[in-house]
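Structure, as structure tokens:
The values are calculated or read from the model by the stated rules, or taken from the named source; none is laboratory data. If you're wondering where the values come from, they're calculated on a predicted model, not measured in any experiment. Positions of Cβ are backbone-derived with ideal geometry, glycine not excepted, and every protein chain shown enters the neighbour counts. What goes into the accessible areas is simple: the full protein's heavy atoms, side chains included, and nothing from ligands, DNA or RNA. Shrake-Rupley method; radii C 1.70, N 1.55, O 1.52, S 1.80 Å.
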Amino acid sequence: MDRVEAQEERRRRMRDTVIARGFVRTADLADEFGISLMTAHRDLDALQAQGWLRKVRGGATGLPSAQFHGSVAERMATMAQTKQQLARAAATLLVPGQTVLLDDSTTCLLLAHQVAEHTPLTVITNSLPAITTLAKEPGVSLITLGGVYFPAYDAFMGPHTADAVRAFRADVLFMSTTAVTNGRCYHTSPETVQVKRAMMESAGRRVLVADHTKFARGGLYALAPLTDFDLLIVDDGLAAEQVREVRAAGTEVLVVPARGQGVSPLGG
């Protein structure tokens, strides 16, 4: 194993250690991996830049927070059944012949698995797992968005991705969000916000698909107010009063029972 391979392997193990334990002191990582404190800091800086973890005073954390979204595996496992129901509801809005934008969210990845029933479609996305899924569908004309690959998001992000989005015009955008606070969507990285804003600018209709737990979370970087979306698809765990507030502000709301019995009467 050469020096570069050894460094990559160490950082992979360090990443797994932080994610597994939730928080680890930098000094402990240096001791555990037999490296200097400065090298440990450089490794953590690199892992933070990739979106795997967040450096905090004295160490690093892999726990979700306003500044860290959590790993892809962790997000896939969170509210999995509810996200599946939301994706099914979103799929009913697909119309053959449409050009569809999908973001890199785990909810929209579940939606990508259901597009085969609504083809032909043109789908534009920056999500690598969605690209892999859709590439197998003969009825999908797939347009991939390049840019810098972020392993922790399993997606392409940054200014080059945002520029690529602006070269297209989609009929509809399906997007999720990390958090909704005081009627505004938030995310944990500026690269994510940059790409999602470009997607919103490039779509004729904007659909936000978010489970009710997003309304109890915080985020660091503001994306857009809910009023910038034409439709919110949410499960029935969101309080009726909050649903009324979103509607009163001008955004349509479709409420989906988490157990999948159909659309709730609150869905309008």
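Structure values in brief
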| item | result |
| --- | --- |
| Answer from 130, 116 - the residue that is modelled with pLDDT of 95 or more, over 23 Å from residue 46 (Cβ atoms) and among the small types (Gly, Ala, Ser) | 130 |
| Residues being outside any strand (DSSP E or B) and within 23 Å of residue 88 (Cα to Cα) - total across region 229-241 | 7 |
| Among (1) basic (Lys, Arg); (2) surrounded by fewer than 17 Cβ atoms within 10 Å (Cβ to Cβ); (3) at pLDDT below 90, the one test that residue 42 misses | (3) |
| Residue match in region 157-179 (condition: modelled with pLDDT of 95 or more, open to solvent by 20 Å² or more (accessible area, probe 1.4 Å), in contact with a helix residue (DSSP H, G or I) (Cβ under 9 Å, 6 or more places away or on another chain) and in a loop (DSSP other than H, G, I, E, B)) | yes |
| Selection within region 15-39 - among the hydrophobic types (A, V, I, L, M, F, W, C) and either open to solvent by 70 Å² or more (accessible area, probe 1.4 Å) or within 20 Å of residue 154 (Cβ to Cβ) (or both) | 18, 19, 20, 23, 37, 38 |
| Given (1) closer than 30 Å to residue 238 by Cα; (2) free of Cβ contacts under 8 Å to residues at least 24 places away in the same chain; (3) surrounded by fewer than 22 Cβ atoms within 10 Å (Cβ to Cβ), number of the condition residue 141 does not satisfy | (1) |
| Condition check for residue 78: modelled with pLDDT under 80, surrounded by 14 or more Cβ atoms within 10 Å (Cβ to Cβ), among the hydroxyl-bearing types (Ser, Thr, Tyr) and closer than 22 Å to residue 234 by Cβ | yes |
| Long-range neighbours under 8 Å by Cβ, at least six apart or interchain, first residue under 11 Å from residue 137 (Cα atoms) within region 102-118, second open to solvent by 10 Å² or more (accessible area, probe 1.4 Å) and among the polar types (S, T, N, Q) | 112/133; 113/133 |
| Unique match (being out of contact with any Cys (no Cβ under 8 Å at 6 or more places or on another chain), surrounded by fewer than 20 Cβ atoms within 10 Å (Cβ to Cβ), closer than 16 Å to residue 173 by Cα and among the hydroxyl-bearing types (Ser, Thr, Tyr)) among 99, 106 | 99 |
| Residues (hydrophobic (A, V, I, L, M, F, W, C) and under 15 Å from residue 102 (Cβ atoms)) located in region 197-220 | 198, 199, 200, 203, 207, 208, 209, 210 |
| Residue check for residue 147: open to solvent by 10 Å² or more (accessible area, probe 1.4 Å) and within 19 Å of the chain's Cα centre (by Cα) | yes |
| Pairs, first at pLDDT 90 or above in region 6-17, second open to solvent by 60 Å² or more (accessible area, probe 1.4 Å) and not in a helix (DSSP H, G or I), C-beta under 8 Å, six or more apart | 9/1 |
